[in-house]
Amino acid sequence: MATTSTVLGQPALELDGRYAGALRSLQPPGHRVQPAASGAADRGASPGPAVGITPMAAEFDLVDDSPLLAWAQSLLSGKPRTAAGAALQLDAQRKVQRRIAWTDGVPTALRLPTLDATLKQPVTLGLSWQPGSVAYPKAAGEVVTDASSKPARKAPQLGQFRVLSLPFNGAHVQRVALPGINVRGATAGTTVDARQAPSAAAVDLGELRLDIASAGRDAALAWVVQCVTDAPQKASEALTLTVELLDPSLKTALARLVLSGCGLLACDEPLLRSDTATPSVMSLRLSVRQITLQLVN
């Protein structure tokens, strides 16, 4: 009779032979086999099936300058770096219970957080990568230690931030949906042929969205009107914004994201109704040309 089991333990990563940090979640790779098309052999084509591996993904706290963060930043820079590594499943004593090794891993997507003044959860990042090959070596039960000499610090919280360098008062920004970063054309289940790192031109940045409270609406609208009437071309890439992730005092920056080449794409307000209360929040959507992320020591 078949039995079910629950996988418990701490997921973690190694990159290029170094411990890269603990994870909040880990998506192991999957395998796909696409049978050869009917009649392919009759046409002289190879009858073999197409074999592929689905991307791996990890979610981790933004706490220190780990090898994992450096790998994610290679995608932010527009030059994704190929890396080999291993996904680990650790028990309560940090002994390795499972190991999933890969080679020729190329970052394909980076999820930046959505900041919200009402939230108290820690800031996390999500990184996806396409392995070139995977293997499942037997775990030896070795104990994993973090070689970092720095004391662990807490991740910033999603509700502790400020937006600088806006042409109006950034204190009224209630929500910041940071852009996603994706490699153009990256798909799940790619074949296991040798891979090359994508070029800078193949990395796409998504939109930045700012939700602004009613107290800042008029000033923001005045800027929007100026953009669309007086200098729409100049406003298309006019701003360099800094988003600071703050400590609980809301005075000291723990990390900074600098978004360059920000241009207005859209301004929207919610539907006003006579029969229901309507949150008075307007939204700005901006294009972004470049993003850098730095932790503050």
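Couple of notes before you dig in:
- Hey, Leu210 surrounded by 16 or more Cβ atoms within 10 Å (Cβ to Cβ), at pLDDT 90 or above and touching a helix residue (DSSP H, G or I) at 6+ places or on another chain (Cβ under 9 Å) or not: yes
- Evaluating Thr276 against the criteria (1) closer than 17 Å to Leu115 by Cα; (2) open to solvent by 50 Å² or more (accessible area, probe 1.4 Å); (3) not charged (D, E, K, R) leaves one unmet condition, (1).
- Subset of the range 120-141 that is without any contact (Cβ under 8 Å) to a residue 60 or more places away in the chain and open to solvent by less than 60 Å² (accessible area, probe 1.4 Å) - its residue that is nearest to the chain's Cα centre (by Cα): Ala135
- Of the strands (runs of 3 or more DSSP E) lying entirely inside the range 25-110, those carrying at least 1 residues that are open to solvent by 60 Å² or more (accessible area, probe 1.4 Å), within 30 Å of Leu259 (Cβ to Cβ) and modelled with pLDDT of 95 or more are 25-27.
- Residue tally, condition free of Cβ contacts under 8 Å to residues at least 60 places away in the same chain and among the hydroxyl-bearing types (Ser, Thr, Tyr), over the range 151-175: 0
- Within the range 240-283, the residues that satisfy the criterion of being out of contact with any strand residue (DSSP E or B) (no Cβ under 8 Å at 6 or more places or on another chain) and among the charged types (D, E, K, R) are Lys251, Arg273, Asp275.
- When each of Arg217, Arg195 is tested for being crowded, with 17+ Cβ neighbours inside 10 Å and either modelled with pLDDT under 90 or in contact with a His (Cβ under 9 Å, 6 or more places away or on another chain) (or both), the lone residue that passes is Arg195.
- Per the conditions (1) at pLDDT 95 or above; (2) open to solvent by less than 20 Å² (accessible area, probe 1.4 Å); (3) of a type in the set (A, V, I, L, M), the sole criterion not satisfied by Val144 is (1).
- Candidate set: the range 204-227, residues that are in a loop (DSSP other than H, G, I, E, B) and not acidic (Asp, Glu); chosen: the one nearest to Gly170 (Cα to Cα): Ala213
- For the range 220-229, a tally of residues being modelled with pLDDT under 90 and either open to solvent by 50 Å² or more (accessible area, probe 1.4 Å) or within 9 Å of Met282 (Cβ to Cβ) (or both) returns 3.
The values are calculated or read from the model by the stated rules, or taken from the named source; none is laboratory data. Note that the coordinates shown come from a computational prediction; the quantities given were computed from them, not determined experimentally. Every residue, glycine among them, receives a Cβ derived from its backbone with ideal geometry; neighbour counts consider all protein chains shown. What goes into the accessible areas is simple: the full protein's heavy atoms, side chains included, and nothing from ligands, DNA or RNA. Shrake-Rupley method; radii C 1.70, N 1.55, O 1.52, S 1.80 Å.
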